[in-house]
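First up is the structure itself, then whatever we jot down about it.
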Amino acid sequence: MDELTNEVANETTEEVMKEMPPVPVRRQRRKRTKFEIFKEAYLPFVIVALAAILVITFVIGSVSRAVTKNKLEKEASIASSESIALQEAELQLEADRLLASAKEAADALDYQRAIDLIDTFKGDISKYEDLAHMREFYLQKMSELVIYSDPNIVPHLSFQMLIADPARAFVNEDYGNSYNRNYVTTDEFEKILQQLYDNGYMLVSIYDLVDQSEGTFYPGTIRLPVGRKPIVLSQVAANYFTYMTDGDEDGLPDKDGAGFPYCLALDDDGNFVSKMIDADGNEVVGNYDFVTILEKFIAEHPDFSYQGARAVLAVTGYDGIFGYRTNPATRESQGGEYYAQQCAGAQKIVDALKEAGYDLACYSYEHLSYGESAVELINGDLNQWMEQVAPILGDVDILVYPYGDDIYDGMTSTYSGDKYDALYNAGFRIFVGMNNDLAASSQVTDNYFRQTRRWVTGAKMTYASESFADLFNAASVLNNQRGEVPADE
């Protein structure tokens, strides 16, 4: 029994021992490394610190970006405001400039140009009260103008060189009587201009009298204020001839000249002046001729000139132009260098005259009567003109007949024949004759325009003053140094 019990107990003990886990073998504990200690002790704090830094950096970056964005937006807003302000300032400057230019055009009665200038404004004109107001004002003024569309009623007054020193001119041994009979003094011309202005006349260009479309002529349209009337002015033989200024015949001006200026020139400011040798032999500069006096008058009375119009200046070529000796004889007598200087001076004056608005014209080369000359002589004269004058003067289409000798008398028939063909082939389309018996006369055809001029001279003002009665009072104009004026030959 005991054995059985022991046996059972042993079996039970064995089973229990089988079910019990084995007793672990105790191992020696490994020593931790510094890195492990660091990880356990400090890494959490490092991670937290790094996270905090990242958060702070992110926050700072966000704030910085927001600040930068706001700054950029503010700068963009400022820049936009400045750009708008700059644009507005530029538009205001443009408006002011256009107002000034439009006024200048309107002062010359070119209201259409004034309106056209304002219409070039790049901004909204409704926001610029002055600009919008002046546009309406010019439209109104243009509607009030009187229209002239008949060139047959427009007078044309014509002059030769002006006498600056009557005391020398009228006693000149060779030409004193001719000067007294055929020329006008500077003071007489000044008085005539003033009376024309006072009597309501306004200077227009000969080109204002006609228009062209594809080479065809038809009457032009001139618009003037109520009470104003158009007139054309011209100076013929505007050459400052040597015989008028050179007393000792050496080809240069001197004190023994007949009291005429010897050339047209420009001062340092680009203004026209005339030069003269006075009775004491001194060179003087001033307003001694047609151009300089007219320029002075227009400067003082800008409303005398319609749309900036100036006069017709007609020249011959045999003794140079405007006082510059551009003829071949000068090259032979004074040498090539002097001749080149004269040509350069003439070119400078021609360019300035064109810029100022003068209409340049041919008065033949040799002061030849085209009306009385054969076509062969006319062709020879035109050839000299083309060779000697045209290279300096440029192409001109106005011919003023010397002595008024038109190739046809009257305006009842139109041009034809060899003479007309010669003139037409030379480029002339506007022809000016002379008739002091008519207030004005003209002819407009498809191919050309003709007009007559009234020649103002000492003799005509003395003995035919009625021919100028509609324009000026001749008796009040005449210079008292004339004495007895020789009658027309």
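The values are calculated or read from the model by the stated rules, or taken from the named source; none is laboratory data. Quick caveat: nothing in here was measured; it's all calculated off a predicted structure. Heads up, the Cβs are rebuilt from the backbone with ideal geometry, glycines too, and the neighbour counts pull from every protein chain shown. What goes into the accessible areas is simple: the full protein's heavy atoms, side chains included, and nothing from ligands, DNA or RNA. Shrake-Rupley method; radii C 1.70, N 1.55, O 1.52, S 1.80 Å.
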- prompt: Of the residues in the stretch 98-149, how many are in a helix (DSSP H, G or I), more than 20 Å from Val204 (Cβ to Cβ) and in contact with a Leu (Cβ under 9 Å, 6 or more places away or on another chain)?
  reply: 12
- request: For the stretch 207-217, indicate whether the set of residues that are surrounded by 19 or more Cβ atoms within 10 Å (Cβ to Cβ), farther than 18 Å from Phe304 by Cβ, touching a Ser or Thr at 6+ places or on another chain (Cβ under 7 Å) and of a type outside the set (Val, Ile, Thr) is non-empty.
  value: yes
- line: the stretch 315-409: helices (runs of 4 or more DSSP H) wholly inside it with 2 or more residues that are under 32 Å from the mean Cα position of the chain (by Cα) and either free of Cβ contacts under 8 Å to residues at least 40 places away in the same chain or surrounded by fewer than 21 Cβ atoms within 10 Å (Cβ to Cβ) (or both) are 336-356, 375-388, 390-393
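When you scan the stretch 183-195, do you find a residue that is modelled with pLDDT of 95 or more and more than 28 Å from Phe260 (Cα to Cα), even just one? Break it down stepwise before answering.
Initially, the stretch 183-195 is screened for residues modelled with pLDDT of 95 or more, giving 183-195.
Add one more test, that the residue is more than 28 Å from Phe260 (Cα to Cα), and what stays is none.
No; the residues of the stretch 183-195 include none that is modelled with pLDDT of 95 or more and more than 28 Å from Phe260 (Cα to Cα).
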task: Would you mind telling me which numbered condition in (1) of a type in the set (Gly, Ala, Ser); (2) within 35 Å of the chain's Cα centre (by Cα); (3) farther than 16 Å from Leu313 by Cα; (4) crowded, with 17+ Cβ neighbours inside 10 Å Ala474 fails?
output: (2)
query: Between a first residue in the stretch 170-190 that is under 17 Å from Ala279 (Cβ atoms) and touching a residue at least 40 places away in the same chain (Cβ under 8 Å) and a second residue that is open to solvent by less than 30 Å² (accessible area, probe 1.4 Å) and outside any loop (DSSP other than H, G, I, E, B), which pairs have beta carbons less than 6 Å apart while being 6 or more apart in sequence or on different chains?
result: Phe170/Gly176; Phe170/Asn180; Tyr179/Ala169; Thr185/Ile163; Thr185/Pro166; Thr186/Leu162
message: Looking at (1) open to solvent by 40 Å² or more (accessible area, probe 1.4 Å); (2) in a loop (DSSP other than H, G, I, E, B); (3) in contact (Cβ under 8 Å) with a residue 40 or more places away in the chain, which one does Lys255 not meet, given that it meets all the others?
response: (3)
- line: Quick count over the stretch 410-433, residues being touching a His at 6+ places or on another chain (Cβ under 9 Å) and surrounded by fewer than 18 Cβ atoms within 10 Å (Cβ to Cβ), is 0
statement: Taking first residues from the stretch 454-471 that are touching a residue at least 40 places away in the same chain (Cβ under 8 Å) and closer than 18 Å to Asn177 by Cα and second residues anywhere that are charged (D, E, K, R) and in a helix (DSSP H, G or I), the pairs with Cβ under 6 Å that are 6 or more apart or on different chains are Gly458/Arg181; Ala459/Arg181
message: Please determine whether any residue of the stretch 151-160 is open to solvent by 40 Å² or more (accessible area, probe 1.4 Å), within 27 Å of Tyr197 (Cα to Cα), modelled with pLDDT of 95 or more and of a type outside the set (S, T, N, Q).
response: yes
message: Scan the stretch 194-201 and tell me whether some residue there is open to solvent by 40 Å² or more (accessible area, probe 1.4 Å), in contact with a His (Cβ under 8 Å, 6 or more places away or on another chain) and not in a loop (DSSP other than H, G, I, E, B).
response: yes
- request: Go through the residues of the stretch 200-211 one by one and say whether even a single one is at pLDDT 95 or above and over 28 Å from the mean Cα position of the chain (by Cα).
  value: no
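Right, Gln443: in contact with a His (Cβ under 8 Å, 6 or more places away or on another chain), part of a strand (DSSP E or B) and open to solvent by less than 50 Å² (accessible area, probe 1.4 Å) or not?
Numbers: in contact with a His (Cβ under 8 Å, 6 or more places away or on another chain): no; part of a strand (DSSP E or B): yes; open to solvent by less than 50 Å² (accessible area, probe 1.4 Å): yes.
No: the conditions fail for Gln443.
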task: Scan the stretch 270-295 residue by residue and report those that are in a strand (DSSP E or B), open to solvent by 20 Å² or more (accessible area, probe 1.4 Å) and not hydrophobic (A, V, I, L, M, F, W, C).
output: Lys275, Glu283
